[in-house]
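Heads up, the thing below is written out as C-alpha cells.
The values are calculated or read from the model by the stated rules, or taken from the named source; none is laboratory data. A quick note: this is a predicted structure, and the numbers were derived from the prediction, not measured. Here Cβ is always computed from backbone atoms with ideal geometry, including for glycine, and neighbour counts include all displayed protein chains.
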Amino acid sequence: MLSGWLTDRNEMNMQNYPQNFQDRINMSDDLINAISLLSENQLNMINEKLDDDVLIQKAFEYFGQGVLFDDFSDVETNQPRRPSDDRVHMMDSIHFGYPRWHVFCRSASFIGLDQDIWLKIDRLIGLAYALHMRLAPRRSGSDGSDPQNPERPDIVEELGPMFEASSFVQLDEHFDNRFVRALFGHV
C-alpha cells in the first residue's frame, strides 16, 4: 500500500489525490476487510495496554526516542524475549515502518473507520517518526547491552506542537519525503 500511496501522490497523479488512493483501496473488498480487522486488533491492543491518552502519547514518544529497553525473560521459557541486538523497542526500518503505519491510518479513515481515533494515532506516529529522525537512537549491542538512549523531553516539547493539530493532509506531507521516495525509487 505504501508504494501505491507514493504513486498516487506523485507529480502526475497529485491533482487527483486523495481520491485516487481512496479508489485504489475501495477496489478490493479483501483489502477493506484486512484493514478493518487489523484496525480492530490494533485498537484493542492499544486500549488493553494503555488505558488513557497520556499513556498512549508517552508510549509513542518513548518508542520514537528509543528508550524502551527490554531485557525481560519469557515467563514460560526463561529465555530473553528479544534477540540480543534487538532489545530496544523502536521502528526497525524508520523510512519504511513509520510511513507504512501512516498509510494504514489514512486507509482506515478512507474506509469509514473512526477518523478521529486514526488521526489521533497518526499524529503520534508523526511525532515518533520526527523524534526518531532527529535523535537517531541506537539499537542494543550484539551482547544485549542497553545503548542508554536518553529521554529528551526538551525535543519532545519542541516537536510535539507540530503534530498536535496536524490534519491528515499535513501528515501526508510529513511522511511523503525524500527518504521514503528514495527507498521506493520514487524520487
Could you grab me the full set of residues in segment 137-176 that are over 19 Å from Leu119 (Cα atoms), touching a helix residue (DSSP H, G or I) at 6+ places or on another chain (Cβ under 9 Å) and part of a loop (DSSP other than H, G, I, E, B)?
Pro137, Arg139, Ser140, Gly141, Ser142, Asp143, Gly144, Ser145, Asn149, Pro150, Glu151, Arg152
Gly144 passes all but one of (1) free of Cβ contacts under 8 Å to residues at least 40 places away in the same chain; (2) within 23 Å of Leu68 (Cα to Cα); which number fails?
(1)
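Of Glu164, Glu158, Glu173, which residue is under 17 Å from Pro18 (Cβ atoms), surrounded by fewer than 18 Cβ atoms within 10 Å (Cβ to Cβ) and among the acidic types (Asp, Glu)? Before you say what the answer is, go through the steps one by one.
Working: Glu164 fails: under 17 Å from Pro18 (Cβ atoms); Glu158 fails: under 17 Å from Pro18 (Cβ atoms).
Testing whether each residue is under 17 Å from Pro18 (Cβ atoms), surrounded by fewer than 18 Cβ atoms within 10 Å (Cβ to Cβ) and among the acidic types (Asp, Glu) leaves just Glu173.
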Give me the residue from segment 50-59 that is in a loop (DSSP other than H, G, I, E, B) and of a type in the set (Asp, Glu) and, out of that set, modelled with the lowest pLDDT.
Asp51
Is it true that some residue in segment 77-90 is without any contact (Cβ under 8 Å) to a residue 40 or more places away in the chain, within 30 Å of Asn20 (Cα to Cα), surrounded by fewer than 17 Cβ atoms within 10 Å (Cβ to Cβ) and not polar (S, T, N, Q)?
no
Out of (1) over 14 Å from Val103 (Cβ atoms); (2) at pLDDT 90 or above, the one Asp8 does not meet is (1)
Could you list, in sequence order, the residues of segment 122-167 that are closer than 16 Å to Ile94 by Cβ and among the charged types (D, E, K, R)?
Arg134, Arg138, Arg139
Going through segment 60-98 in order, the residues found to be out of contact with any His (no Cβ under 9 Å at 6 or more places or on another chain) and part of a helix (DSSP H, G or I) are Phe60, Glu61, Ser84, Asp85, Asp86, His95, Phe96, Gly97
Looking at Gly112 and the list (1) surrounded by 14 or more Cβ atoms within 10 Å (Cβ to Cβ); (2) under 22 Å from Leu2 (Cβ atoms), which single condition is not satisfied?
(1)
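State whether one or more residues within segment 31-49 are surrounded by 10 or more Cβ atoms within 10 Å (Cβ to Cβ) and not in a helix (DSSP H, G or I).
First, pick out the residues of segment 31-49 that are surrounded by 10 or more Cβ atoms within 10 Å (Cβ to Cβ): 31-47, 49.
Among the residues that remain, those that are also not in a helix (DSSP H, G or I) are: none.
Taking every residue of segment 31-49 in turn, none turns out to be surrounded by 10 or more Cβ atoms within 10 Å (Cβ to Cβ) and not in a helix (DSSP H, G or I).
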Answer yes or no as to whether Asn13 is surrounded by 13 or more Cβ atoms within 10 Å (Cβ to Cβ) and farther than 18 Å from Arg100 by Cα.
yes
Would you check which residues across segment 128-154 are surrounded by 17 or more Cβ atoms within 10 Å (Cβ to Cβ) and either closer than 30 Å to Phe110 by Cα or among the β-branched types (Val, Ile, Thr) (or both) and list them?
Ala128, Tyr129, Ala130, Leu131, His132
Would you be able to say whether some residue in segment 149-163 is closer than 30 Å to Ile32 by Cβ and in contact (Cβ under 8 Å) with a residue 24 or more places away in the chain?
yes
